[in-house]
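Encoded as structure tokens, the structure appears first; notes follow it.
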Amino acid sequence: MIKIAKQPTYEIQNVVASVTLNQRLDLEKIAERIPHAEYSPEQFPGLVLRLPRPKTATLIFSSGKMVCTGAKSEAEVQKAVKSIIKLLKAHGIDIKNEPIIEVQNIVASANLRGTVDLERAAFLLENSMYEPEQFPGLIYRMSDPKVVLLIFSSGKVVCTGAKKEEEVRRAVDNIHKLLKEQGVLFEEP
Amino acid sequence: RLRKWQVRARAQNSMERNLAQAVIELERLGAQLGLPKAVLDRALEIYRSALNSNLVRGRSIESVMAAAVYAACREMRLPRTLDEIALYTRAGRKDVARCYRLLLREASIKVPLPNAADFVPRIGSLLRLSGATIKRAMEIIDQARNAGLTAGKDPAGLAAAAIYIAAIQNGEMRTQKEVARAAKVTEVTVRNRYKELVKRLDIKLPITKK
DNA sequence: ATGTTACTTTTTAAAGC
DNA sequence: GCTTTAAAAAGTAACAT
């Protein structure tokens, strides 16, 4: 029988990107013209615009910079930003420059397909923190790629801090290899 | 050269003033939590190292000292939760927790993993349970750990469930509500842990239905 | 006793306090 | 440092039914 090594699986859950329009924006005017826009300057300087598809929330600042959150991929970020700009234009807000989009953070969930001995992992892994009194997952700070992983005894993992999908893939492969090497991952698919 | 001496003297004075205030804070916390002197001494040592590492700058003396006290309790395996300590602090649990993580990372304080068994004696005495029941609860916790049922769970909740089961088995039954209150967790947590332990450890309970 | 909602942890940008 | 936004993980909590 051929042994097929069970590779960990992962799924991107959230992509956060910063957007630069290079022009000032009148948030008051946007808030007046777009009814579902949320704007409370005393609470937060950004105006919040939520899109149903792709399901995202974008923070818009008077400097013309924005932060788009909630997208499941870089392509969704692009779609969301295009939609936002189209929406603004449709309400009479002039946008002249092309948006400069930069992915700032990618959050992914992964499955190592096995159970993890968190207690032993906490002792063996140097940059880890495990405080079950506070949070059920072990927090592991990986240096390459520079991401933070939340590891649960179920073998489920959350990877955050990556700027490219490639980093997520490497981080998940690295932690899978590392936990196996340390003998704290018990694979059982 | 005089300038250098002045700077050093000023730094020394501010550190002494900070430490004096910290000791007052430590005594207050120690009295309210009823902590033994050994723990307070250790907490002061931890606070001193944090001060020497400039970790107190920009943070309240109160929060850092509360974090030092929590770290000392953990080191000496005293069953004090972070919430319990934060209760007597003006800063919230969140702030104390942040200072605690800072101590672990920047002051290289090493703290043993929390053990549910450490909570058993205190909860047991609050419920006035016998030594045999306390011993039985610790056995249950040991079995649970060996069966891999403790990962990620709140040690206080596990201790509460083990005590609940041990008390029933030794004919000293306490209600889930009483155990939950003594362990400072909710009834739901005691119930969830208890159900899991009974099921996964094949624990036989005397006919205690209803 | 169960169900719902909500909070704990982590990451990241934005402008201003 | 804080404020706001999204998202996952598993555990605990608060309040409703």
Task: Amide hydrogen neighbours beyond the local backbone of A:Gly64, cut-off 5 Å, H modeled - done: A:Leu25
Open item on the list: Relative contact order for chain A: what percent, with Cα pairs under 8 Å and sequence separation of 6 or more?
Closed with: 23 percent
Task: Viscosity 0.692 mPa s, temperature 37 °C, Stokes-Einstein D of the range A:92-189 from Kirkwood C-alpha radius, µm²/s - done: 227 µm²/s
- [ ] Can you put A:Lys86, A:Lys65, A:Lys96, A:Lys6 in order of Cβ neighbours within 10 angstrom, beginning with the fewest?
- [x] A:Lys96, A:Lys86, A:Lys6, A:Lys65
Task: Length-normalised contact order for chain B - Cα pairs under 8 Å, 6+ apart - percent - done: 14 percent
- [ ] Could you list the trypsin sites (Lys or Arg not before Pro) in the range B:54-145 that lie in coil according to DSSP, counting only those with at most 11 other Cβ atoms within 10 Å of their Cβ?
- [x] B:Arg57, B:Arg90, B:Lys110, B:Arg128
- [ ] Report, ordered by chain and residue number, the lysines lying within cross-link reach of A:Lys29, taken as a straight Cα distance under 26 Å and ignoring same-chain residues fewer than 8 apart.
- [x] A:Lys55, A:Lys65, A:Lys79, A:Lys82, A:Lys86, A:Lys89, A:Lys96
Open item on the list: How charged is the neighbourhood of B:Asp118? Take every other residue with its Cβ under 12 Å from the Cβ of B:Asp118, and add Lys/Arg as +1 and Asp/Glu as -1.
Closed with: +2
TODO: Could you tally the net charge around B:Val188, taking each other residue with its Cβ under 14 Å from the Cβ of B:Val188, Lys/Arg +1 and Asp/Glu -1?
DONE: +4
Task: When each of B:Lys4/B:Lys37; A:Lys146/B:Lys184; B:Lys94/B:Lys153 is checked by Cα-Cα distance, pairs over 28 Å - done: B:Lys4/B:Lys37; A:Lys146/B:Lys184
- [ ] Would you list, by chain and number, the aspartates and glutamates whose Cα falls below 20 Å from the Cα of B:Lys199, excluding same-chain residues fewer than 8 positions away?
- [x] B:Glu139, B:Asp142, B:Asp154, B:Glu187
Task: Span per principal axis, largest first, for the Cα atoms of chain B (Å) - done: 82, 30, 25
TODO: Report, in cubic angstrom per residue, the convex hull volume of the C-alpha atoms of the range A:1-119.
DONE: 154 Å³
Open item on the list: Please rank B:Ile168, A:Ile84, B:Ile140, B:Ile163, fewest neighbouring Cβ atoms within 10 Å first, as an exposure proxy.
Closed with: B:Ile168, A:Ile84, B:Ile140, B:Ile163
Task: For the protein assembly as shown, fraction of C-alpha pairs farther apart than 30 Å, in % - done: 59 percent
TODO: Please work out the C-alpha center-to-center distance from the range B:18-41 to the range A:69-95 and express it in whole Å.
DONE: 56 Å
Task: On Cα atoms only, tilt of A:74-90 relative to the major axis of chain A in degrees - done: 10 degrees
- [ ] Within the set of other residues whose C-beta is less than 15 Å from the C-beta of A:Gly70, count the net charge using Lys and Arg as +1 and Asp and Glu as -1.
- [x] +1
Open item on the list: Using only alpha-carbon positions, what ratio does the radius of gyration of the range A:45-84 give when scaled by 2.2 N^0.38 Å?
Closed with: 1.06
Open item on the list: Sequence gap at least 6, Cα distance under 8 Å: using those rules, report the relative contact order of the range A:17-100 to the nearest whole percent.
Closed with: 34 percent
Open item on the list: At a 10 Å Cβ-Cβ cut-off, how would you order A:Tyr39, B:Tyr194, B:Tyr100, fewest neighbours first?
Closed with: A:Tyr39, B:Tyr194, B:Tyr100
TODO: Report, in order of residue number, the helices in chain B meeting two criteria: a C-alpha extent of 18 Å or more along the helix axis, and a mean Kyte-Doolittle hydropathy of at least 0.5; treat each whole DSSP H run as one helix.
DONE: B:61-75, B:155-169
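Computed from the coordinates by the stated procedures, all read-outs in this text should not be read as laboratory data. All values derive from a computational prediction rather than experimental measurement. Quick reminder, even Gly has a Cβ in these numbers, built from the backbone with ideal geometry, and neighbours come from all protein chains shown.
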